[in-house]
1. What is the spread of the Cα atoms of region B:71-220 along each of their three principal axes, largest first, in whole Å?
2. Which length gain, in nm to one decimal place, applies between residue B:274 and residue B:299 when the Cα-Cα distance is subtracted from 0.36 nm times their residue separation?
3. Mind pulling the angle between the C-alpha long axis of helix B:2-17 and the longest principal axis of chain B? Nearest 10 degrees, somewhere in 0 to 90.
4. Treating only the Cβ atoms of Lys and Arg (+1) and Asp and Glu (-1) as charged, compute the dipole magnitude of region B:233-373 about its Cα centre; round to the nearest 20 debye.
5. Tell me, rounded to the nearest percent, the portion of alpha carbon pairs in region B:37-124 spaced more than 21 Å apart.
6. Taking the Cα centre of the protein assembly as shown as origin, sum charge times position over the Cβ atoms of Lys and Arg (+1) and Asp and Glu (-1), and report the length of that vector in debye to the nearest 20.
7. Check the straight Cα-Cα distances from residue B:344 and name the lysines below 18 Å, setting aside those fewer than 8 residues away within the same chain.
8. What FRET efficiency comes out for residue A:54 versus residue B:141 if R0 is 60 angstrom and r is the Cβ-Cβ distance? Round to the nearest 0.05.
Amino acid sequence: VRSPRGRRVLLVSAAIIGGIATVAAIALWVLRVPLSGGPLAGLPAFGYAVEQSSDGAVTDALTLLSVPDDIRDPVELVRVEQAYESPGLEDAGSWAAGADRSRELAVVEQFYRDAPPDDPRLGAIRPIAGVVVPRKTDDPFGVQLLLASRVTQEGRFVRSGVWVTYTYRTLTFRDFIPAVLTVCTPAGLTNGECEPDYGDAADDTDGADDDG
Amino acid sequence: MLALGLSTILSLTAGVASVPSSGGIELFSASIAGPEGRAAAGARVAVYAYPARLPRGTITTTLLAETRADTRGNVSVRTRDKAAVRRAAAPDGTVHLLIEADGPQGAVTLDHQIALKTDLTARGSTPVKLRLSAAGIDTAALAAPRTSASSSGYVSKNHNCINGADVQWIPQNSIKRVDVKLQQLMTGKKSTVRYDWSNSSKTRMGVTYEYPHAKNGTIVKVKAGMSHSVTEASGVNFARGTNRNEWAAVDWEYRKYKKYCHVDTGGYHHRFYDAGSWQWRPRQWTDGNSYIPTKSTFRCKRGNTIGVTARLWVSRSATRTISGGVVVNGLSADVEQTNGSSHKLTFIPTGKKARLCGNNGYPTAATVVKEVK
């Protein structure tokens, strides 16, 4: 049982903390500082490797976005930014496949060697801003991102993922999707192969929790 | 910076909110029901901690808490022994517990895993459901007052050690080598597959329990949760060709342990008594591995199917519970495999475009992935 003075101190402390939190939340909203941990957060890592010449382009077409079923509303994309681990790859543009894209498969081609890709099965490709990402139950095919990179050097280069900024209701989020892309020029091959990066740097801490 | 400040404030307030209203650390909450499904009001619960790293010999599980369920069979299990919890916690905060519960309806014993934060508050644990079983239990004896700790001739009536101090598991000479299924490898004509597996706490295996039936003496075998296992830093690189549907499996050694209850009778007097039951638990990987053919499959949806021409690694962070993934002494138990950075499932197209589909979503995030026509 706390003394009346102790209770007063606790109440005042709680009020101060609550006040600061409220002011900070309002400031964030006013300044539109994106939050993390939104409806598109937590997608597991995946990746692949592609060979391309040092002046060529690779458009990654494997990243699909959909809103999990436990989220009530769709989200609207603002922008995407590719996260490059090193020089050698440059952002060559980002788009979303058209709403009229082929429904034969969720992804017909894993990647393209031009930017923007020229494939009628992608439908009328559109800028990222304003694209609405549906809930998975509403549209199982989701939104297909087309993320182009241009190779500028000889070697092996890694894009560790994509930052996606989007709005959900009145809030703006910025979350990371660990879609790992490795690009090798002929000089970057190891034993004739382009060794994929496994995104370990951005991965969980399972190396530390081994019992042995 | 502002976001960081806000998150700090929020985590601080969350920290304040997570302080238990009564003393100690909440390990987990549970609801206890009798064999018929009705709430087991007043059921007793004892919780012990396994050592973070299992020894090769006798395993001592340390008593953390004893308590009783309320009239609706609900219980919040707390402990004041923070030091014991810290000793039992793996570096990632995982604590392996032995839970014993009993009431007039019967008893239950099982292994259970919880994850704790650095401040020892539980990380998103869901309530544990305990179903008491009367099989092999002398419920009449259970309903009667327990033998006092000071008397001699300890006879276990329900195989649990409640009202004791610790539980000890003495290794027996019975050892069995079993196949533990880890990952289903499903290829068609246009791809091969690799699964790189590392022996780590990401692989959990079922524990089974045996005791004689109170009436006829036959051995009752039950599943009793999942265990961590003794691990070494090594692994297997599984690789299979086209047109396969097989389980990648590792060869594990299970060992039988006899259960002893340890009672502190006061002063220098300690007493151990035979609880009359045994546990089979995974002891070590033998370094062996195998492939087990299966016909198990799933239907693909077009919305979960993609075309690939470059080798693709998937199913990172996916957790799959494989029902019947291990058979121990004639009893099927579960295996849980969580993939991480040291577990890579990679599909390699053989020159033509392969189509991959996921069982529960896009192949990039699905629990199980296969090649389809």
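1. 68, 44, 35
2. Working: separation 25, 0.36 × 25 = 9.00 nm, distance 5.05 nm.
My answer for the length gained is 3.9 nm.
3. The angle comes out near 30 degrees.
4. Values: 22 positive and 9 negative charges, 171 e Å.
Magnitude of the dipole: close to 820 debye.
5. Values: 1303 of 3828 pairs.
Cα-Cα pairs in region B:37-124 separated by more than 21 Å: 34 percent.
6. Values: 69 positive and 56 negative charges, 380 e Å.
Once rounded to the nearest 20, the dipole reads 1820 debye.
7. B:181, B:202, B:370
8. On the way: r = 80 Å, r/R0 = 1.34.
In this case the efficiency is close to 0.15.
Readers should treat all values here as calculations from the given coordinates under stated rules, not as data from a laboratory. Note that the coordinates shown come from a computational prediction; the quantities given were computed from them, not determined experimentally. Note that we place each Cβ from the backbone using ideal geometry, even for glycine, and neighbour counts take in every protein chain shown.
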